[in-house]
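First comes the structure, then the notes that go with it.
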Amino acid sequence: MVSAIYYDRNEIVTYPTGETRGHVQEAVTGLQAELLHTESIEEGEDIGRPREVFITPRDILKSTTYTELGTVRQRLDELVDDGLLDVYSDLASNSEGEHRFYLPANLSHQEVVRTLHDRDGRPIPESLQSETHMHVTPSDFTHSEGAIFDLERDEIVQIDVGEPADGRSIQAAVDDQLAENALTADLNNFVYYPSNASQSH
């Protein structure tokens with residue numbers, strides 16, 4: 001919601017810095033709120049005023065099912081603590097934080113999704129795991145003993161392809177072990193022979 005409102009009310013502008021290099025006037029280009037926040041440019045008609053380009057708790061209150069301004073302020077501050085939002089300033093702040101100005105943190109969409117899933121205790125989508133996990137294939141492992149295989153590039157990483165004691169499938173157990181070690185794989189490439197663990201690779 002914050003991002004939707006933010007990008008709807010901000011335009012890309014170019015602002016002269018007052019400095020010249022050679023005979024060329026230097027300038028900065030970006031979203032209005034970004035320039036106010038990162039370039040320390042004074043507010044004004046050329047760049048925009050904070051209330052017009054940043055997000056306030058009241059903006060979110062009007063666009064959601066929240067009923068208390070203080071609750072919205074608390075929720076936004078939690079997102080600041082999680083690194084998802086930045087605070088521009090707390091101008092003329094009151095007890096409900098109506099005039100605190102927020103903007104989205106400079107994160108990629110993937111980072112935002114990962115953080116939201118992590119803070120809510122939800123598993124990170126598989127499509128995003130592949131971006132943060134190293135992809136491996138069976139040929140990246142060597143047989144150690146029994147049902148244990150070592151990752152060649154890091155022998156501390158061991159994968160047990162034996163029958164799990166907790167009743168899970170071998171594939172599910174291997175998938176969990178890979179994820180615990182920041183690895184990902186096409187598990188269809190892994191063939192399991194529980195009765196002959198040394199060939200379970």
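Quick look at the numbers
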| item | result |
| --- | --- |
| Asp154 paired with Met134, simple spin-label distance in nm, labels 7 Å along Cα-to-beta-carbon | 0.5 |
| Largest-first ordering by accessible area, 1.4 Å probe, given options Tyr6, Tyr15 | Tyr15, Tyr6 |
| Efficiency of FRET from Cβ geometry, Lys62 and Arg122, R₀ 22 Å, rounded to 0.05 | 0.20 |
| Sequence-distant residues sharing a close amide H with Ser144 (under 5 Å, placed H) | Phe149, Asp150 |
| Whole-Å distance, taken between Cα centres, linking region 48-69 and region 131-179 | 49 |
| Estimated FRET transfer efficiency when R0 is 45 angstrom, pair Val87-Ser169 (beta carbons, to 0.05) | 0.45 |
| For Leu85, distant residues with modelled amide H under 5 Å away | Val80, Ala105 |
| Phi to ³J(HN,Hα) by Karplus 6.51 cos²θ - 1.76 cosθ + 1.60 over region 27-33, Hz, x for Gly, Pro | 8, 10, 10, x, 5, 3, 5 |
| Label point distance in nm, Val24-Ser3, each placed 7 Å from Cα along Cα→Cβ | 3.3 |
| Residues whose placed amide H lies under 5 Å from that of Val157, excluding near-sequence neighbours | Leu151 |
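The values are calculated or read from the model by the stated rules, or taken from the named source; none is laboratory data. The structure displayed is predicted, hence computed values, not measured ones. Cβ coordinates were reconstructed from backbone atoms using ideal geometry, including for glycine residues, and neighbour counts include every protein chain displayed. Note: accessible area is taken over every heavy atom of the protein model, side chains too, but ligands, DNA and RNA are not part of it. Shrake-Rupley method; radii C 1.70, N 1.55, O 1.52, S 1.80 Å.
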